[in-house]
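S.K.: My structure is below; once you've seen it, I'll send some questions.
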Amino acid sequence: MPDPPSPKDAAEAALLDECWDAVLSYAGLCTAGSAAAGDLAAEGYALGLREVRAAEAGASRGRPTSRLPRIPLMLGAVRATAASWEAEGSGHRLDPDLRLWLGSPQAARRTGPPRHRPLALRGLRDLREADAALLWLAEVEALPLAVMARRLALDPATLTEELQRVRARFRDRCHRNHLDTPLDAECRSYARLLDAVTRTTPVAEAPEDLSRHLATCARCAEAAGCLRLHGGTLPAALAGGVIGWGGLAYLERRRRAAEARLDARRTTAAADERAPQERGTIRARAVRGGLLAAAVALSALALAVSLMPFGGSADDGARGGADGRPVADPGALPPSALRSASPGPGPGRSSASASEPPPASASAPPARATATGAGPQRPDPEPQGSSSPTSDVAAPDPSATGPGTGNGNGTETCRVRYEVLDQWAGGFRAGVTVTTVRPLDGWQVAWTFRDGQHVDQMWDATVAQRGARVTAGAAAYDRSVPAGGTLSFGFVATWHGRNSAPTGFTLDGHGCTPAQGETAGG
C-alpha cells in the first residue's frame, strides 16, 4: 500500500486530499509495476511537499516566488524523483520509454535556461498562483465548476467568466514568451501571423504556408497549441508542456476519472429522484398485497371449516356404506342417540370400536384411521403430500452477508485487512488490502461505514458512495489479480464523533473474512 507522508495538520491533510490521487496516477504511468508506482509516488510526494513548505516559508518572510500550482508541482516532483532513480541505478523500475526520454533534449528543456523551457510551463508560471490553479483544474483535471469553486474559495456564479479571463491572460503570457524565445528568421516571420490566426473566434483556418511551417516546426506547433483557446488543444498543450513525458496519457486518465465521478453523481441523483416514486409504488404494492393476502386467508379459513370433522371415529369417517355413500357423521347426533343407534359387537367389529369415541382435541389434527378386530382390514388412505419435514427458510444471500460468509457454501473467497493509517480532527487516511482465492479481471470491493464517514479521495481504485455504502472499483492498471494475489487501495475520508471500522466487506458481492486479528468488516 503506498504510504505518503503523514499529514501534521489540517493544511497538509488538505494538500494530501488534493494531490495524492494525481501523484499516484502519474507514478503508475512512469513505473513498471504497482509496487514501484507506490514507492515513486511516496518519494515524489515527499519531495513536492518539501517544495511547497519552502515556498510557503519564503512567502511568509516577504519573499514570494513564482511557482506552479500544487498538482503540477507535485507531478514535476514525481518526474524529478524518476530522474534520480535513473541516476542512482534504479532505472529498471521505471517504464522503458521514460528512461529513454530522461536522457533526451526534451527532458533537459525543463531544467535548462528559462527562455528555452516549454511555452505552457512558462505561461503557467507567469500567472498568479490562484489563476494558474483554476486553469489547471479546469483544463487538465477536468473538475466541475462547483468543485473548483469550493477548492479555490471562489463564487460559483462568476466562475465561468473568471475562467475565460484566466484563459485570455494565459494566452497573452504565452504569446509574449513566444516572441521572447530565441527564434530563427522563419519562425519569427510566422509568429505574428500565428497570433492573428489563433486569436479569432472561432479559430480561422491557417494559411497554407503557415500550415506547412507548423507541420515541420515543433516549437511553433507548441505555441499554436497554447494560443488556440477555442480549438480544444489547450488541455493537451498544458499537460504536455508542464508534465513532459506521459502528459497526454495522464490527461486521458484524468478525463476518465472525471467521467467516472460524473456518472456516479448522475446515478446517485437519479436514484434520489426515483426514491419518492419508488416508495409510493412500494406502498401501493404493499396495500394490494395485504388485501390479496387477507382474501386468500379468508378463503383458506372457509375451506378449512367446510372440511373440518366434528367428532366421531376417524375409521367411521373413512369408511363408506355398501353403496359407496359415506355414513352419517356421528358427531352430528346427540350422545343419547349415538348410544342407542350404536350396534353391539358383532362379526368384523370389536367392543372397542363400538364404544363411545373420546372427544377430539380442537388443536390436534385427526388421527389416521386404523382398523381393529378380527374382521377384514382395509388399507390406510393414500397419504397426502410428503411425509418428510420441509423448511421455508431461504438460503442466505452471499452478497448481503458480512465477512466470513464466503460464497454462501462455506468456502472462503477473500480475506480483507482494513487499517487506519493516519487520523486527525475530522479526517483520516485508511488502507484496504484484499486477498482473493480466485483470479480476477476487474473487481469491486464494497463496505458499510457505521458512523457516517464519507470518502473524499481514493487512489488505486475508483470510488462511489451512496449513504453509508462505499464501492471501490478496479483502476485501469490494476484490474487483473491472480488467484491467491492481493489488491490494495487507500482513501482519505472525513469523520465526526466516532470512527469505527466499517462492516460488510464484500468482493464482487461475496463476503470477505477479516484478516487475523483485524476487526475490519466485523
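S.K.: Can you give the Rg to Rh ratio of segment 36-131, both from alpha-carbon atoms, with Rh computed by the Kirkwood formula?
M.R.: When Rh is taken as the Kirkwood radius, the ratio is 1.00.
S.K.: If you stretched the chain out fully between ALA57 and THR486, how much longer would it get, using 0.36 nm times the residue separation minus the C-alpha to C-alpha distance? Spell out each step's value before the answer.
M.R.: Numbers: separation 429, 0.36 × 429 = 154.44 nm, distance 4.14 nm.
In short, 150.3 nm is gained.
S.K.: May I pose another question? With only Lys, Arg, Asp and Glu charged, each at its Cβ (+1 for the first two, -1 for the last two), find how big the charge dipole of segment 149-229 is about the Cα centre; round to the nearest 20 debye. Mind dumping the intermediate values first?
M.R.: Numbers: 14 positive and 12 negative charges, 73 e Å.
The dipole magnitude comes to about 340 debye.
S.K.: Run the numbers for ALA32 and HIS496: contour at 0.36 nm per residue of separation, minus the present Cα-Cα distance, in nm. Can you show the working numbers first?
M.R.: On the way: separation 464, 0.36 × 464 = 167.04 nm, distance 3.93 nm.
So the chain would gain 163.1 nm between ALA32 and HIS496.
S.K.: Continuing with this model, one more query. Between rounded, prolate and oblate, where does segment 187-241 land on the alpha carbon gyration tensor, with a ≥ b ≥ c its root eigenvalues, rounded for a/c under 1.5, else prolate if a/b exceeds b/c?
M.R.: Working: a/c = 1.85, a/b = 1.17, b/c = 1.58.
Oblate, because a/c is 1.5 or more while a/b does not exceed b/c.
S.K.: If you don't mind, another one. Starting from 0.36 nm per residue, how many nanometres of slack lie between ARG469 and SER189 once their C-alpha separation is accounted for? Intermediate values should be presented prior to the final figure.
M.R.: Working: separation 280, 0.36 × 280 = 100.80 nm, distance 6.13 nm.
Difference between extended and current length: 94.7 nm.
S.K.: Taking the solvent-accessible surface of protein heavy atoms with a 1.4 Å probe, what is the per residue accessible area of segment 30-120 in Å²? Provide the component values of the computation, followed by the final result.
M.R.: Working: 4350 Å² over 91 residues.
Result: 48 Å² per residue.
S.K.: Just add up the charged neighbours of THR216: K/R +1, D/E -1, any other residue whose Cβ is under 15 Å from the Cβ of THR216.
M.R.: Details: positive: ARG212, ARG219; negative: ASP184, GLU186, GLU208, ASP209, GLU222.
The answer is -3.
S.K.: Which order do the peptides 90-102, 69-81 take when ranked by the mean count of other beta-carbon atoms within 10 Å per residue, highest first? If you can, show how the numbers build up before the last one.
M.R.: Values: 90-102: 16.1, 69-81: 23.0.
For the peptides 90-102, 69-81, the packing ranking is 69-81, 90-102.
S.K.: What number comes out for the charge environment of ALA132, summing +1 per Lys or Arg and -1 per Asp or Glu over other residues with Cβ under 12 Å away?
M.R.: Working: positive: ARG67, ARG70, ARG122, ARG125, ARG128, ARG167, ARG169, ARG173; negative: ASP126, GLU129, ASP131, GLU139.
With Lys, Arg at +1 and Asp, Glu at -1, the neighbours total +4.
The values are calculated or read from the model by the stated rules, or taken from the named source; none is laboratory data. Worth saying up front: this structure is predicted, and the values here are computed from it rather than measured. Here Cβ is always computed from backbone atoms with ideal geometry, including for glycine, and neighbour counts include all displayed protein chains. We work out accessible area using only protein heavy atoms, side chains counted, and drop any ligands, DNA or RNA first. Shrake-Rupley method; radii C 1.70, N 1.55, O 1.52, S 1.80 Å.
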